[in-house]
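Structure, as structure tokens:
The values are calculated or read from the model by the stated rules, or taken from the named source; none is laboratory data. Just so it is clear, the model here is predicted, and its values are computed rather than measured. A quick note on method: Cβ atoms are made from the backbone with ideal geometry, for glycine too, and the neighbour counts reach across all protein chains shown.
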Amino acid sequence: MRLLEFRLKQAVQPLTEAWQQIPVAKRGPTRLGISFRPLQAAAFGLDVRPALLELLAYPFQIIRLGAYWNRMEPKPGIFQTDELDWQIEAAESAGKQIILCLGALKTFGYPEFFVPEHHLDQPFPEHSLVEPSKYPDLLQGAIEFIVRLVERYKGHESILAWQLEHEAVDPLGVEHSWRLKAGFVEREAQALRKADPSRLVIMNGFLPTSLPVRLSQWWQTRDQGDSLAVAQRLADMVGIDYYPRHALIPLGSRTLYLDGSQSRVHQARRNQLLAWAAANHKGLLVTEGQAEPWEAVTLPANPQNQAMYSCLPEHMLGNYNNCMGWFGNPIALYAYLFWGAEYWLLRNQGKDSSYLQCFERILEKS
């Protein structure tokens, strides 16, 4: 079934060796890396520390780590950093550079919203903007959290940049329709730069690859722009979250997908970002390059001896190749971070090493 970018497909697909035959694009000066989600690793049933150590053994350059506010400040007066401390220490021991996502309200990894209950006793109203004037105590708590993290970790030379919020002013997928006001994030950015004026500030946003998603995102964020637009205004470097394929709803034995892998919908926005970066001497990176399935469930499905339509191993490589093709003189992509490394370990436990082997092949051939 084809209607624009809609696909009605069997979700479970046979594994093939196609990823071994596809040429790997050369990356030039682009650094490669991953994001690490300890909560996702635990949800998969992985032992978190050995999982991170196993991933750090691969010869990539950058790892993105997250500070989860409600885990670090579970109660008033408590600030516990042990979990993040050992992640940073492990990354440094492996010789990796680090992008540290400070949050505060939004950090990568489901459910993306990690505010402690003592800072927000009632959920945000749906279809509302979270404005500084309406939530002054929350803003102050967020700023204090950010500054405290910066003061703790800015002495680490391995940290090359701070990431502020995650897809800062976009709604939270289909779960919630509230959004952060750009002014809220701007106040956080001012405090972050004052705490550490020496490092880059990264902000990221979702790049729509299909027409339905593009129209939906434009409509929901038309009052102040989406996260990419706000990042262009506030950040030193803009991160692109690139997910060409994702499920919408299951329909009987099949699933309805949006597949923008061959679409040109994102081309105009991508070119605008490239022109902006060139004109303003700013950097661009892919903060999340899809390398795990995005199905109609919270955790990606893990069928034995098969894989999911939304991201087979060959799509992981194809997504990387596509992004490498976007860039060249005078703009080089600063970094490409693969999204889904914990899923690769889960697959490997189930005797499917193809995702890890595909990653290894990219590192070797690029």
If I ask for residues that are surrounded by fewer than 21 Cβ atoms within 10 Å (Cβ to Cβ) and either of a type in the set (Gly, Ala, Ser) or not in a strand (DSSP E or B) (or both), which ones from the range 154-169 would you list?
154, 155, 156, 157, 158
The range 312-355: number of residues that are within 29 Å of residue 237 (Cβ to Cβ), without any contact (Cβ under 8 Å) to a residue 60 or more places away in the chain and in contact with a Lys or Arg (Cβ under 8 Å, 6 or more places away or on another chain)
1
Kindly indicate whether residue 313 is more than 22 Å from residue 215 (Cα to Cα), touching a strand residue (DSSP E or B) at 6+ places or on another chain (Cβ under 6 Å), at pLDDT 95 or above and surrounded by 21 or more Cβ atoms within 10 Å (Cβ to Cβ).
no
Does residue 67 count as among the small types (Gly, Ala, Ser) and either touching a strand residue (DSSP E or B) at 6+ places or on another chain (Cβ under 9 Å) or crowded, with 19+ Cβ neighbours inside 10 Å (or both)?
yes
Is the range 242-264 home to any residue that is at negative phi and in a helix (DSSP H, G or I)?
no
Are there any pairs, at least 6 apart or on different chains, whose C-beta atoms fall under 7 Å, with the first in the range 261-274 and over 24 Å from residue 236 (Cβ atoms) and in contact (Cβ under 8 Å) with a residue 24 or more places away in the chain and the second surrounded by 15 or more Cβ atoms within 10 Å (Cβ to Cβ) and polar (S, T, N, Q), and if so, which?
263/209; 263/210; 265/209; 265/210
Report, by residue number, each residue of the range 325-366 that is crowded, with 21+ Cβ neighbours inside 10 Å, modelled with pLDDT of 95 or more and under 28 Å from residue 264 (Cα atoms).
334, 335, 336, 337, 338, 339, 340, 341, 355, 358, 359, 362
If you take the residues in the range 158-185 that are of a type outside the set (Gly, Ala, Ser) and on the phi > 0 side of the Ramachandran plot, which one is nearest to the chain's Cα centre (by Cα)?
167
Regarding residue 228, is this residue of a type outside the set (Phe, Trp, Tyr), in a helix (DSSP H, G or I) and closer than 29 Å to residue 122 by Cα?
yes
For residues that are over 22 Å from residue 270 (Cα atoms), of a type outside the set (Gly, Ala, Ser) and either under 21 Å from the mean Cα position of the chain (by Cα) or in a strand (DSSP E or B) (or both), tally how many sit in the range 186-220.
4
Could you list, ordered by first residue, the pairs with Cβ atoms under 6 Å in which the first is in the range 43-56 and surrounded by fewer than 16 Cβ atoms within 10 Å (Cβ to Cβ) and the second is among the small types (Gly, Ala, Ser), at least 6 apart or interchain?
none
Search the range 73-83 for residues being out of contact with any Pro (no Cβ under 9 Å at 6 or more places or on another chain) and within 25 Å of residue 33 (Cα to Cα), and hand back the single one that is surrounded by the fewest Cβ atoms within 10 Å (Cβ to Cβ).
82
Among the residues of the range 231-240, is any surrounded by fewer than 19 Cβ atoms within 10 Å (Cβ to Cβ) and in contact with a helix residue (DSSP H, G or I) (Cβ under 7 Å, 6 or more places away or on another chain)?
yes
Please specify each residue of the range 296-330 satisfying the condition of being of a type in the set (A, V, I, L, M) and in contact with a helix residue (DSSP H, G or I) (Cβ under 8 Å, 6 or more places away or on another chain).
299, 307, 312, 316, 317
Mind checking whether some residue in the range 274-285 is within 30 Å of residue 45 (Cβ to Cβ), outside any strand (DSSP E or B) and not aromatic (Phe, Trp, Tyr)?
no
Of all helices (runs of 4 or more DSSP H) fully inside the range 1-73, the set with 3 or more residues that are farther than 22 Å from residue 259 by Cβ is 38-43, 48-56, 69-72
